[in-house]
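Below you'll find the structure, written out as structure tokens, and then a few comments.
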Number of protein chains: 2
Amino acid sequence: MLNHSLIVRTAPQEVPAACANCGGRTAGICAALDTAGLEEISHETRRTAVRPHDMLYHEGDSAQSVVMLMRGVAKLTRQLPNGRQQVVGFRFAGDILGFTTRRSFASDAEMLTEGQVCRISRLDFEGMLARFPATQRRLIDLCSQELAEAQEQLVTVGRRQAEQRVAAFLIALAEAARRRGQSYDVLDMPMTRAEIGDLLGLALETVSRAFTQLKKRGFVKELGRGRVELPDIPALAAMAEGDIE
Amino acid sequence: MLNHSLIVRTAPQEVPAACANCGGRTAGICAALDTAGLEEISHETRRTAVRPHDMLYHEGDSAQSVVMLMRGVAKLTRQLPNGRQQVVGFRFAGDILGFTTRRSFASDAEMLTEGQVCRISRLDFEGMLARFPATQRRLIDLCSQELAEAQEQLVTVGRRQAEQRVAAFLIALAEAARRRGQSYDVLDMPMTRAEIGDLLGLALETVSRAFTQLKKRGFVKELGRGRVELPDIPALAAMAEGDIE
DNA sequence: CGGTGTCTTGACGGTACTCAAAATCTGTGG
DNA sequence: CCACAGATTTTGAGTACCGTCAAGACACCG
């Protein structure tokens with residue numbers, strides 16, 4: 001339980017440069033590379049299509065490569081001895097998964113949706129870090145962001161009750177969509193109640209009841225198949241903070 | 001709730017170099033500096049004695065300086081709107097506090113014990129990062145460690161019940177002592193039941209009851225005033241994992 | 001020795017978990 | 001297009017764990 005991983009989140013719209021071999025989309029760390037660096041990294045990446053339930057890597061596996069999630073949604077989980085799982089977080093297009101300074105991955109990474117990933121070997125990634133110091137600075141920024149989210153999640157799980165936790169989850173989901181430049185009042189939510197529960201430390205039934213309540217209050221509408229509308233985000237945020245009700 | 005901080009933990013015994021102006025103790029980032037770097041940073045640090053309840057910085061304050069904790073124990077907390085607090089973590093001698101890529105600190109930092117700190121202005125710290133790329137690599141490693149602990153804490157708060165959480169807390173405390181090269185079967189525990197509860201998402205009474213149980217089972221002995229003995233760490237770890245009882 | 005802060009223990013109630021069953025949705029094949 | 005199987009979601013009932021309130025014990029300090 002003492003191994004660890006560094007899973008960083010990128011902010012594409014803050015990143016002007018494009019990653020050569022990654023379909024023209026801007027992907028995280030690439031922003032810190034100059035032309036020579038992009039040229040170099042483009043020889044070292046492989047692009048793959050992935051489908052729901054595909055495992056990107058397993059907890060404990062030798063961390064041979066880093067994965068850039070180009071399209072789709074993935075979940076990071078840690079297995080517990082009693083057979084249950086803790087969802088450590090969800091990751092979206094533009095995020096980097098599986099970078100760690102340790103030998104092995106600290107969590108499972110599983111796709112929730114279809115998508116595409118770029119893989120780069122850890123050796124090449126490390127080499128890139130050594131040759132382009134600017135990428136290191138960028139990794140620190142990304143890690144900083146990641147850490148902030150983990151701490152925020154700690155507050156959610158530690159000090160809020162069920163309905164507040166679900167509200168906080170929805171706010172975080174909207175914030176992630178906003179950062180990717182997508183609409184954030186109507187957004188994709190491809191995760192199941194069970195997976196949300198495993199993130200929030202709640203039973204899936206409790207998550208379901210919380211959604212029912214939030215829908216009754218008019219804070220959430222479900223538009224069918226993993227798509228939700230948040231008609232009043234400020235009110236939802238206030239509820240997550242415990243300011244109302 | 002969307003600001004963030006990077007608070008990194010060092011591992012002194014893995015760090016051969018010494019920080020010139022820091023009393024000969026090895027302190028985190030310094031390991032990545034060559035002689036010129038040490039010379040330079042030694043001009044930029046200030047040493048201060050601190051006492052219990054001293055605030056090292058406040059959440060939201062402009063992040064003007066980075067704090068190296070040379071001696072003592074501090075807690076990092078985030079305030080919640082309803083007046084309660086979440087303890088994000090405890091920090092020990094050798095840890096670096098308050099480094100962030102954002103403008104302001106993401107948490108309060110308060111001393112629990114007497115101690116000593118070195119301060120370096122953020123500007124100088126950033127300058128050092130720019131001039132000595134090796135320090136960036138080291139910051140990434142430290143951040144990686146920090147993130148792993150936050151995720152571990154998520155598992156603890158999300159999926160364990162009260163007695164398991166307290167057991168996991170004690171194991172983490174012992175692990176932190178081990179990393180600092182101290183004894184880990186007998187160790188200092190200067191935090192109150194309330195502070196432990198605010199870390200674990202439990203009421204202080206629940207923490208107290210859990211300690212009573214653990215003492216009855218013989219997993220913990222209290223040696224008076226903030227000092228505990230862990231006679232059977234493997235059993236304690238098994239309990240934290242939910243393997244026994 | 002009193003005052004303050006911390007810790008312990010007890011009683012009670014509420015939130016959320018568990019177990020269970022029904023309802024709804026989704027995709028597949030006839 | 002419809003029927004069906006499987007997965008997911010919803011809802012209900014009962015219970016357990018933990019939070020809250022309260023009182024007393026204990027330790028520390030002036």
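The values are calculated or read from the model by the stated rules, or taken from the named source; none is laboratory data. Treat the numbers as computed from the prediction; the structure is a model and nothing was measured. Note that each Cβ is placed from the backbone with ideal geometry, even for glycine, and that neighbours are counted across all protein chains shown. Calculation scope for accessible area: heavy atoms of the full protein, side chains included, ligands and nucleic acids excluded. Shrake-Rupley method; radii C 1.70, N 1.55, O 1.52, S 1.80 Å.
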Checklist (1) closer than 26 Å to B:ALA109 by Cβ; (2) open to solvent by less than 70 Å² (accessible area, probe 1.4 Å) applied to B:PRO231, failing item
(1)
If I filter the range A:213-241 down to residues being among the basic types (Lys, Arg) and free of Cβ contacts under 8 Å to residues at least 40 places away in the same chain, which single residue comes out as farthest from DNA strand D (Cβ to nearest atom)?
A:ARG217
Of all residues being hydrophobic (A, V, I, L, M, F, W, C) and within 18 Å of A:LEU230 (Cβ to Cβ) in the range A:200-219, which is farthest from DNA strand C (Cβ to nearest atom)? Just the residue, please.
A:PHE219
Any chance A:GLY158 is under 24 Å from B:LEU199 (Cα atoms) and either within 12 Å of DNA strand D (Cβ to nearest atom) or open to solvent by 40 Å² or more (accessible area, probe 1.4 Å) (or both)
yes
The one condition in (1) within 16 Å of DNA strand C (Cβ to nearest atom); (2) open to solvent by 30 Å² or more (accessible area, probe 1.4 Å) that B:ARG178 fails to fulfil:
(1)
Among the residues that make up the range A:226-233, is at least one of them over 30 Å from B:THR77 (Cβ atoms), under 22 Å from the mean Cα position of the chain (by Cα), within 11 Å of DNA strand C (Cβ to nearest atom) and not assigned by TED's automatic domain parsing to the domain that holds A:GLY89?
yes
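Is it the case, given these coordinates, that B:THR113 is in a loop (DSSP other than H, G, I, E, B) and within 16 Å of DNA strand C (Cβ to nearest atom)? Show your work before the answer.
On the way: in a loop (DSSP other than H, G, I, E, B): yes; within 16 Å of DNA strand C (Cβ to nearest atom): yes.
Considered against the rule, which asks whether it is in a loop (DSSP other than H, G, I, E, B) and within 16 Å of DNA strand C (Cβ to nearest atom), B:THR113 comes out as yes.
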Do the conditions hold for B:GLY181, that is, is it within 26 Å of B:ALA150 (Cβ to Cβ) and part of a loop (DSSP other than H, G, I, E, B)?
yes
Over the range A:93-120, the set of residues over 21 Å from B:CYS143 (Cβ atoms) and either touching a helix residue (DSSP H, G or I) at 6+ places or on another chain (Cβ under 9 Å) or within 12 Å of another protein chain (Cβ to nearest Cβ) (or both) is A:ALA93, A:LEU112
A:PHE99 vs (1) without any contact (Cβ under 8 Å) to a residue 60 or more places away in the chain; (2) over 30 Å from A:LYS216 (Cβ atoms); (3) open to solvent by less than 10 Å² (accessible area, probe 1.4 Å): all pass except (1)
Looking at this structure, is A:ARG51 away from every other protein chain (no Cβ under 14 Å), open to solvent by 10 Å² or more (accessible area, probe 1.4 Å), farther than 26 Å from A:GLN151 by Cα and modelled with pLDDT of 60 or more?
yes
Exception for B:SER183 within (1) more than 19 Å from B:ALA74 (Cα to Cα); (2) touching a residue at least 40 places away in the same chain (Cβ under 8 Å) falls at (2)
Is it true that A:ALA210 is touching a residue at least 24 places away in the same chain (Cβ under 8 Å), surrounded by 22 or more Cβ atoms within 10 Å (Cβ to Cβ) and assigned to a helix (DSSP H, G or I)?
yes
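State yes or no: is B:GLU163 more than 27 Å from B:SER62 (Cβ to Cβ), modelled with pLDDT of 90 or more and more than 11 Å from every other protein chain (Cβ to nearest Cβ)?
Yes: the conditions hold for B:GLU163.
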Conditions: (1) within 11 Å of DNA strand D (Cβ to nearest atom); (2) surrounded by fewer than 17 Cβ atoms within 10 Å (Cβ to Cβ); (3) at pLDDT 95 or above. A:PRO190 meets all but one. Number of the miss?
(2)
Subset of the range A:161-174, residues open to solvent by 30 Å² or more (accessible area, probe 1.4 Å) and more than 15 Å from DNA strand D (Cβ to nearest atom), comes to A:ILE171, A:ALA172
Considering only the range B:133-152, I want to know if a residue exists there that is at pLDDT 85 or above and open to solvent by 30 Å² or more (accessible area, probe 1.4 Å).
yes
Over the range A:125-135, the set of residues without any contact (Cβ under 8 Å) to a residue 60 or more places away in the chain and either at the interface with chain B (Cβ under 9 Å from one of its Cβ atoms) or in contact with a helix residue (DSSP H, G or I) (Cβ under 7 Å, 6 or more places away or on another chain) (or both) is A:LEU129, A:ALA130, A:PRO133
Can you confirm whether A:LEU199 is in contact with a helix residue (DSSP H, G or I) (Cβ under 6 Å, 6 or more places away or on another chain), within 9 Å of chain B (Cβ to nearest Cβ) and either of a type outside the set (Phe, Trp, Tyr) or surrounded by fewer than 17 Cβ atoms within 10 Å (Cβ to Cβ) (or both)?
no
